[in-house]
Amino acid sequence: MTREVLSGNYAQSYAVRLARAQVVSAYPITPQTTIVEKLAEFVATGALKAQFVEVESEHSALQVVVSAAGLGARTYTATSSQGLLLMHELMHWASGMRAPVVMGVVNRAVAPPWNIGADHTDTISQRDTGWIQLYPESNQEVLDTVLEAYRLCEMEDVRLPAMVTEDAFYLSHTYEPVDVPAAELVDRFLPPREAHAVLVPGRANRLGSFTGPDHYVEFRHELARATAAVPRRLLEVEEEYRRLTGRAYGGALPTYRTEGADAVLVTMGTIGTTARTVVDELRAEGRKVGLAKLRVFRPFPEEELRHLAGEVDRLGVVDRAYTFGAAGPAATEVRAAIYPSPHRPLVADFLAGVGGRDVTPAHVRRMFDELLGAPTAETRWVDLAPEEVGAHG
Amino acid sequence: MAKLTIPAQELMYRGHAACPGCGPALAMRLLLKGLGPRTILSIPACCWTVIATPFPTTALGVAVLDNPIEATGASISGLRAAADALGLDDVTVVGFAGDGGTADIGLQALSGMLERRTNALFVMYDNEGYMNTGIQRSGATPRGAWTTTTPVEGGRHGKREAKKEIMGIVLAHHPAYAATVNPAFPEDFVRKAEKARDVRGPRFLHVFAPCPPGWKFSSEETIALGRLATESGLFPLYEVEDGVYRLTRKGGSLKPVDEYVRRQGRFRHWSPEEIRELGDEVRARWEALLRLERETAPARAAATPVLAPAPA
Ligand SMILES: Cc1ncc(C[n+]2csc(CCOP(=O)(O)OP(=O)(O)O)c2C)c(N)n1
């Protein structure tokens, strides 16, 4: 193990090197660029023995790695925002072909207006494409999660693509000390990919294919089964990783000080770090609040949320993504997940931090104030400038 | 006696789902004879998605990966990269796409693959339209042709614009090898496929692929029409290796284009004047090709074989 001071983006690159990815392909977009620049350097110096395919678009980047994965290679790509949106058709191809591609996505706002700040609208808009979605909140967690993602998505009963996200700039360009595990350790955790159901040259076989309703339903059902295997498999992977490195992140919905809480805030990504300090402050003041982190958005941690719902009367969900004509996407899904529970807490919905707007401890405090006061189910825009409303028509 | 040069091995099976007289089916059969069994095909949405038959059957004796219509160039870059990473050195990676999946919606990915000099072969079978979706115009549809989106009624008289010249686009990328082939000339086809298999670097084949339902001709005439296309100069057979043009079938003088046009329902509305204009166009392109062959020919001295050592 070495301790390095790494940005979140470099944490991705270091993890991909440790994972010994064999085919890497990406197209530059701010703030993802430094991930692939570092990987290009690793490949150039021989630190990573991989084919680095220089492409003319994100669309091609994803096709390159999907096809390479189809032949059995371990692959990686990375993008942000517009690049991810351009990949949309390929996103479905990756999961439908059961290509265990790992992709880094630096969450960035979607244009227009152009904006490169942190925002989850890009990955949220891909939530129905069959990818596992993981949302770490520190650079250490980014590195560890990329390694876990490879282990998880190559499992025979999973074989799904996975994206490991980073909040733009808060992680991608912020440097933190990161423990980089030794290569031998990672090799034990992540042996070379076992090729299940890949193309075999020299004989009649086809990957992708076409089929009528007589088989299509079962193909989809296979995807459903694979997705259903993820929560259990993720816990196993985390446990293995903990044994080797001593680090674990608490599964799909890690909670913080939720025991006996009157109100719990549910966050994704780096807002969780801010909220945790606010929880400590409020607890010190005698107010009973806690935090739950949506570390995995797909598959959505329904069971864990139902469990949480049984313990608390008020949930506040923070969405760093705007959805047209509906409540915040995480709030909507939390509501749907807890609906079958015998105890259904009120779920308030906070839209915060879109387009890279800072979410400060004061904002989080206000959200808890509202939750502990007289919350309603209506979406609250946190930190909206009243003098600007209606001025951008 | 002439020796048969076409390999006997069939890598395209009976029971495929092509229409009778399908040019793209003949193209695949001959292509695989030339390329052999260690071929990995990447096929986008096109007629061949269906011709290869649905899961769990396949009409092809090689490995096939399906890819979205616009991404074949990228797909073969990925397959090549994986083959290299996994030590599969002996495989031939091939993209096999229609004219739409090559020259229209697939053009960016094709250009990317050629520019980054992927060691793979891209084959465009040219049935001059989007046929899988029911005969709509493509950039490769010839001027004046009827399709369902270029009707011959009201003020319309078929496609208004000229056929996109894919070979010009490809050659601007300086591929290692590019050639035109026509199933009506199978020896030439298979020889070029073998060459395309053996050359390293980006390679391209443009295949003439008549479509009986799309072009409105009778399915037993596919080969006859193919012969006419080449003999009248509409689809000249040539190859370009490292920038050097070589016509692989010159014959005597060009046949008139009339018969080629008259045999197809998609040109039924043409006037004699339009046929004459096409003939003029074809002759001009043919002359230009001959000129390119002359201009790019290697210097005379090098081309002349040395029969005996020069006297000391
Ligand atoms: C993104 C996308 N747009 C449209 C289609 C529908 N589509 C399927 S095949 C096809 C036509 C393809 O034409 P071409 O490449 O010339 O092949 P052909 O059908 O003639 O064999 C189209 C438009 C698709 N599959 N994907």
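Based on what the data block shows, is B:Leu4 more than 12 Å from the ligand (Cβ to nearest atom), of a type in the set (A, V, I, L, M), within 17 Å of the chain's Cα centre (by Cα) and more than 11 Å from every other protein chain (Cβ to nearest Cβ)? Taking the combined requirement at face value, the residue does not satisfy it. Number of residues in region B:131-167 that are open to solvent by less than 40 Å² (accessible area, probe 1.4 Å) and not in a strand (DSSP E or B): the value is 15.
Would you pick out the residues in region B:269-279 that are open to solvent by 80 Å² or more (accessible area, probe 1.4 Å) and either in contact with a helix residue (DSSP H, G or I) (Cβ under 8 Å, 6 or more places away or on another chain) or closer than 17 Å to B:Ala229 by Cα (or both)? Hits for region B:269-279 are B:Arg276, B:Glu277.
Listed here are the helices (runs of 4 or more DSSP H) enclosed by region A:71-146 that have at least 1 residues being of a type in the set (Lys, Arg) and open to solvent by less than 10 Å² (accessible area, probe 1.4 Å), and there are none. Does B:His173 satisfy the condition of being out of contact with any strand residue (DSSP E or B) (no Cβ under 8 Å at 6 or more places or on another chain), open to solvent by 20 Å² or more (accessible area, probe 1.4 Å), more than 18 Å from B:Leu278 (Cα to Cα) and away from the ligand (no atom under 15 Å from the Cβ)? Yes; evaluated as a whole, the condition is true for this residue. Among the conditions (1) aliphatic (A, V, I, L, M); (2) more than 16 Å from the ligand (Cβ to nearest atom); (3) more than 23 Å from B:Gly34 (Cα to Cα), B:Ala63 misses just one, which is (3).
Would you point out the residue of region B:58-98, among those that are touching a Lys or Arg at 6+ places or on another chain (Cβ under 8 Å) and not aliphatic (A, V, I, L, M), that is surrounded by the most Cβ atoms within 10 Å (Cβ to Cβ)? Here the residue is B:Ser77. Of all residues in region B:239-268, those satisfying the criterion of being among the hydrophobic types (A, V, I, L, M, F, W, C), over 18 Å from B:Glu165 (Cα atoms) and surrounded by 14 or more Cβ atoms within 10 Å (Cβ to Cβ) are B:Leu254, B:Val257, B:Val261, B:Phe267. Of the residues making up region A:190-239, those that are among the acidic types (Asp, Glu) and under 13 Å from A:Met97 (Cα atoms) number 1. Please work out which residue is nearest to the other protein chains (Cβ to nearest Cβ), limiting yourself to region B:105-139 and to residues that are among the small types (Gly, Ala, Ser) and within 10 Å of the ligand (Cβ to nearest atom). Checking each candidate, the answer is B:Gly106. The single residue among B:Cys19, B:Cys47 that is more than 7 Å from every other protein chain (Cβ to nearest Cβ), surrounded by fewer than 24 Cβ atoms within 10 Å (Cβ to Cβ) and within 16 Å of the ligand (Cβ to nearest atom) turns out to be B:Cys19. List the number of the failed condition for A:Arg203; all other conditions in (1) crowded, with 16+ Cβ neighbours inside 10 Å; (2) within 27 Å of B:Leu88 (Cβ to Cβ); (3) charged (D, E, K, R) hold. With (1) crowded, with 16+ Cβ neighbours inside 10 Å; (2) within 27 Å of B:Leu88 (Cβ to Cβ); (3) charged (D, E, K, R) applied to A:Arg203, the lone miss is (1). Within region A:28-54, the set of residues being in contact with a Leu (Cβ under 9 Å, 6 or more places away or on another chain) and at the interface with chain B (Cβ under 10 Å from one of its Cβ atoms) comprises A:Ala50, A:Phe52. Can you find a residue in region B:156-170 that is within 13 Å of the ligand (Cβ to nearest atom) and touching a Gly at 6+ places or on another chain (Cβ under 7 Å)? Yes, region B:156-170 contains a residue that is within 13 Å of the ligand (Cβ to nearest atom) and touching a Gly at 6+ places or on another chain (Cβ under 7 Å).
Only residues that are assigned to a helix (DSSP H, G or I) and more than 23 Å from the chain's Cα centre (by Cα): list them for region A:245-278, please. Within region A:245-278, just A:Val278 meets the criteria.
Here is a check on your reading of the model: is A:Pro231 within 14 Å of another protein chain (Cβ to nearest Cβ) and either modelled with pLDDT under 95 or within 24 Å of the chain's Cα centre (by Cα) (or both)? For A:Pro231, the condition - within 14 Å of another protein chain (Cβ to nearest Cβ) and either modelled with pLDDT under 95 or within 24 Å of the chain's Cα centre (by Cα) (or both) - is not met. If the condition is being farther than 26 Å from A:Thr121 by Cβ, open to solvent by 30 Å² or more (accessible area, probe 1.4 Å) and of a type outside the set (Lys, Arg), then region A:257-276 contributes A:Glu259, A:Gly260, A:Asp262. Note on region B:272-306: residues that are farther than 24 Å from B:Thr141 by Cα, modelled with pLDDT of 95 or more and among the small types (Gly, Ala, Ser) amount to 1. For beta carbons closer than 6 Å, sequence separation of 6+ or different chains, a first residue in region B:61-87 that is in contact (Cβ under 8 Å) with a residue 60 or more places away in the chain and facing chain A (nearest Cβ under 7 Å) and a second that is part of a helix (DSSP H, G or I) and of a type in the set (Lys, Arg), there are no qualifying pairs. Can you name every residue in region A:34-70 that is among the acidic types (Asp, Glu) and crowded, with 23+ Cβ neighbours inside 10 Å? Matches in region A:34-70: A:Glu58 only.
Pairs linking a residue in region B:27-49 that is in a helix (DSSP H, G or I) to a residue that is within 11 Å of the ligand (Cβ to nearest atom) and open to solvent by 10 Å² or more (accessible area, probe 1.4 Å), with Cβ atoms under 6 Å and 6 or more positions apart or on different chains, are B:Cys47/B:Met131; B:Cys47/B:Asn132; B:Thr49/A:Phe210.
The values are calculated or read from the model by the stated rules, or taken from the named source; none is laboratory data. All of these numbers come straight from a predicted model, not from anything done at the bench. Positions of Cβ are generated from backbone atoms using ideal geometry, with glycine treated the same way; all protein chains shown enter the neighbour counts. Just so you know, the surface numbers come from the protein's heavy atoms only, side chains and all, with ligands and any DNA or RNA stripped out. Shrake-Rupley method; radii C 1.70, N 1.55, O 1.52, S 1.80 Å.
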